[in-house]
Structure formats: structure tokens, C-alpha cells
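The values are calculated or read from the model by the stated rules, or taken from the named source; none is laboratory data. For clarity, every value in this text was computed on a predicted model and none was experimentally measured. FYI the Cβ positions are ideal-geometry reconstructions off the backbone, even for glycines, and counts take in every protein chain you see.
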Amino acid sequence: MSEAFYVTTPIYYVNDEPHLGHAYTTILADVLARYARLRGAETFFLTGTDEHGQKVQEASQRRGIAPQAHADEMVVRFQQAWKDLHVEHDDFIRTTQPRHVRVVKAILQDLWDRGEIYLGSYEGWYCVPDERFWTEKDLKEGNCPDCGRPVEQIVEPNYFFRMSAYQEWLIDYITAHPGFIQPDYRRNEVLGFLRQPLGDLCISRPVSRLSWGIPLPFDSNYVTYVWFDALINYVTAAGYLSDEDRFDRLWPQALHLIGKDILTTHCVYWPTMLRAAGLAQPKTVFAHGWWVIEGAKMSKSVGNVVKPLDLAQVYGVDAFRYFLMRDMTLGRDADFDESRLAHRYHGDLANDLGNLLHRLINMLGRYCKGRIPRPGEVTSDESALRERCLVLVPQTFAQVQALALNEALAQIMSVIGEINRYIEQSAPWAQAKSGQLERVGTILYHAAEALRLTSLLLQPVLPERVAEIWHSLGWQTPDSLKDGLTWGQLEPGTPIVTGPPLFPRDIERVLET
Ligand code: MSP
């Protein structure tokens, strides 16, 4: 295998219900992983759930069940959603799994032994009735942001990680590795943050306040702060302390996909934690923008949360995936608007792609006895079409590796347009009328082969629809899809299969926009 590709999503809070934002990051990771597999890279795609902390403890208490039992029930919603959205992750990590707890404890113990963690005192604002700590900036007019009641300043012994010791190193590292934090405006944001003195990080919570967490291995009166536990998932799953060879191959290639909301934890806490633990940095942390609804962030209280599966049910999972990948310029916010999804569905997918297959299958039925024809002598038009498709392969991989997915898809769709125009201009129906059957075969073979190859580059986004295209064209997919990336794989004489429309036009809208 030529190279490794390791992509992660944030691990989602197990209490949440999967929504468009979670679905977006996860589908993005899935698409990148599928492109990497198509290139032939050793690929590892990780997602999972973040299961410790106050909120899970509180929710389970309200239900009167153990927090683990609560998490076990809740996690299924994420697992099912990813299955329904055709997400093929290689691993799903839960922070309550023993494999993860073991690694977190080992790292904590090592940092403690080497003096990277010390016992200090935590000062903060405490809401007695809510039993919750708040920082100065959380407070609303000096009161608890949740219940509005007065808060008390309290001082409590806690453990701290010497994060401040790494401030200079981190600034130098980020400056020397321009690809580490992307896009560049996020790197600048982190560097801006690092202009202020960096404090040490409080990494413990006393069991008396919060018991649902990983116990500190050196003091059982405390559990680990949830972010210190959660970030470590990325090394646990890659094989740290369990499969070192695999870890060494994967870890330097890691790409963390995150939303811009969790930039500091991933670009300040995490790199300094890794450094202190003597581990290398991941290759890239990429922060994408928000999906917003008419300019506003989705939130339960505003009632504008988009449920991904509702949309996928109307337009089909693949069309939904296509829309998300085609309509967000990675990094920027994107406004979610169902009419744009409908527009992409009818335009790019039904008209351009679906119609191309439909016409081809019709003509192969009418002029070629329902079989893939044998191509005869080619003209410069066929050579140009073949060349265009072959050049598209490295172009697409380069754009995907630069994370310019929307551009890659725009380019693939423009080649689909070129195949449609090639058919128009070569007019096989006119050639058939004048008895030029060999010419008809040449044209239809080239159009069909161009569709087969181009659709292979769409497979990471539209896995099910593209499999239908191949089925219709009678293409036996090779064991490794990478082997399909050459010209001339449709076998003359193979029967074609007429199926239902790829993207039916009679869809109904369920959402009011
Ligand atoms: N548990 C932490 C992450 C720990 S990672 C070591 C967490 N979980 S979360 O459930 O709140 O998920 C946050 C992530 O969901 C964001 O970073 C982003 O990937 C995704 N999104 C949530 N809402 C979103 C939008 N409206 N738009 C795009 N993605 C957003 O934070």
C-alpha cells in the first residue's frame, strides 16, 4: 500500500440527537475515506461518542438509571444514523470502553510521574442550587447563566496540567507547520489566542461533585475532566499502547475534522497534551464552518434543527450527501436551504446524471440489442472524450486531497455535461437511420465507458446510485475499486439492465421552507 490516511470526526456527546451538523462532519469524513480507499491508501476512518461528564450523569439521574445504561441506550441513535446515511466507518469508539479508559489512565499516570500534572487550587463561580461551576465569562450579569440565581466564588483543590509551559513551543510549531491548522484564517485565530498568556489546564473534577468520569489513577477522589479524556480517543483507536506498528503508520497522517466551535480544544489543549506525553502531532486539524438556517445557528430552543434523516428520506440518502458536499465551501459557513437541495437534485442529479444513464440505456436497447457494443474506428471526438475522463482521475484526487470537495464535484459534473454534449453532437440516432451501425456502436461504447469511469469518481459521494449505474451497464466491479480507474473496462457483448430512474422526479417535500 502506498500511503496511509487516517481521518477522524469529533466524538459526539452521547446525549445529543444526531442533527445536520453531526451528519455533515461524519459524511465529510466518510467521503474523504472512500476517496482514499479508491486511491488505494491504507485508510482508517474513526468516529464515536463522548460519554462522560455532567450532562450524562444528570440525564441518567433524571431517568433513575445508571449512566452506563443510559449511554448504552443513547449511542444507538448515532450508530443507526450513520448506518442509514451510508457511512462506512472503520471504528466507532466510545469513551467508556475499557480500551480507552486504559490509555487515558496510562497517559495521566505518566504525566503525573514526570511532574507534568500537579495539585493546585481551582477558583471559580459555583451555583449552589444547580451544583455547577461557571467561569467568569459564562456568567450572565454576574449570575448563573442557567437559573439566573447568584453564584458564589469557591476555591477547591484540583489537578492541573502544565499547559502554560508549552505556549512558546506551540506558537513555533504552528508557525513552522502551515498545514497543521486549516484553513489559514483558523490558524491565525489560534495564533491570536496564543498572544495572551496561556494558563494551566484543570484536568480533574472531585468525585463529590461529578462521579461519572475516568478516575485519576493517582487520586481516586477525582475523575478526569471530560475534554482531557475525550481528545485521547484519537490515539486510543489508532493503536497507541495496543498496536504500535499501526499507530506509527497512521498517527502522523491523522486528519481531525472538527467544527469551528471546538478549535481551541483541538489546537491548543490537544497539541500540548501530545507534546507533554512525548507523542507526535497529527498532520492536520481542519475546522469547517457551520451549517446555519437563514443565518442563525441551529438550536433546539429556536426550533430550527434540521433532522438529516427526514431529508434523506425525501431526496434519498445519496442526493442528500451530494448536496452537503457540493454546497459547502469547506471552512466557511453555509446556509441550509431546502430549495437549494431540491435544485441540486433536479439539476445535477436527475437532469444531468440520471438522464444520461437513462438515454444511454434506451439507445443501447434500441440500437445495440441491449448489449454493450464493440467499438470500431475512433475519431478525434472519442479520443478527446477518453482523454478528458482519464485526466479527471488525478485532478479529482488532487482536489479532494486539498479538501476542495465542492470544486471536485463541480468538475466531475462538468464532465458528465461533456458526455451529454458528445452524444448530442455525435447523434447516434441519425447514424442509425443512415445504417452506420458500427459508428453507433463506437459512440455508445465511448459514452457508456465515459459514464462508467466518471461515475467511479462520484462513488464516494453517491455509493448506492453509482452501484446502480454499474449494474445497468453490466460492469463487474473489481475487488479493489482502484483497478476500475482505467479506460476500456466495459465488455462488448455484456447485456445491459433497465432499471427504475436513478433520481425519480416525483418527490414530495416534507419540510416547509
Ligand atoms: N464531544 C465534543 C467533541 C469531542 S472531540 C474529542 C463535542 N461534541 S458535539 O456533539 O457537540 O459535536 C460538535 C461537532 O458537531 C462540531 O464540532 C461539528 O463537527 C458538528 N456540528 C454541530 N453543529 C454544527 C453545525 N450547525 N454545522 C456544522 N457542524 C456542526 O463538541
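Here is how the numbers come out for the structure above:
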read-out: Tabulated pairs, the range 1-20, first closer than 19 Å to VAL292 by Cα and aliphatic (A, V, I, L, M), second near the ligand (Cβ under 8 Å from one of its atoms) and part of a loop (DSSP other than H, G, I, E, B), C-beta under 8 angstrom, 6+ apart or interchain; value: LEU20/MET298
read-out: Pairs, first at pLDDT below 95 in the range 400-425, second among the small types (Gly, Ala, Ser) and surrounded by fewer than 16 Cβ atoms within 10 Å (Cβ to Cβ), C-beta under 9 Å, six or more apart; value: ALA404/ALA398
read-out: Subset of the range 15-39 that is out of contact with any Lys or Arg (no Cβ under 8 Å at 6 or more places or on another chain) and hydrophobic (A, V, I, L, M, F, W, C) - its residue that is farthest from GLN68 (Cα to Cα); value: ALA36
read-out: The range 280-289, residues that are farther than 20 Å from GLY21 by Cβ and within 13 Å of the ligand (Cβ to nearest atom); value: PRO282
read-out: Selection from the range 11-52 of residues that are within 13 Å of the ligand (Cβ to nearest atom) and either in contact with a Gly (Cβ under 7 Å, 6 or more places away or on another chain) or under 26 Å from ASP245 (Cβ atoms) (or both); value: ILE11, GLY21, THR25, ALA29, LEU46, THR47, GLY48, HIS52
read-out: Hits in the range 369-399 - residues which are part of a loop (DSSP other than H, G, I, E, B) and crowded, with 16+ Cβ neighbours inside 10 Å; value: ILE372, PRO373, PRO375
read-out: The range 400-428, subset assigned to a loop (DSSP other than H, G, I, E, B) and surrounded by fewer than 17 Cβ atoms within 10 Å (Cβ to Cβ), residue farthest from the chain's Cα centre (by Cα); value: ALA427
read-out: Any hit, the range 290-303, residues being more than 7 Å from the ligand (Cβ to nearest atom) and in contact with a Pro (Cβ under 8 Å, 6 or more places away or on another chain); value: no
read-out: Given (1) farther than 18 Å from TRP227 by Cβ; (2) under 33 Å from the mean Cα position of the chain (by Cα); (3) surrounded by fewer than 16 Cβ atoms within 10 Å (Cβ to Cβ), number of the condition ARG186 does not satisfy; value: (3)
read-out: VAL268 of a type outside the set (Lys, Arg) and at pLDDT below 95; value: no
read-out: Breaking point among (1) within 32 Å of the chain's Cα centre (by Cα); (2) at pLDDT below 95, for SER208; value: (1)
read-out: Hey, SER472 more than 13 Å from ILE361 (Cα to Cα), among the polar types (S, T, N, Q) and touching a residue at least 60 places away in the same chain (Cβ under 8 Å) or not; value: no
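To keep it simple, each residue is scored yes or no on (1) at pLDDT below 95; (2) of a type outside the set (A, V, I, L, M).
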{"position": "ALA230", "(1), (2)": "no, no"}
{"position": "ASN233", "(1), (2)": "no, yes"}
{"position": "GLU244", "(1), (2)": "no, yes"}
{"position": "LEU255", "(1), (2)": "no, no"}
{"position": "ALA277", "(1), (2)": "no, no"}
{"position": "GLN281", "(1), (2)": "no, yes"}
{"position": "TRP291", "(1), (2)": "yes, yes"}
{"position": "LYS307", "(1), (2)": "yes, yes"}
{"position": "ASP318", "(1), (2)": "no, yes"}
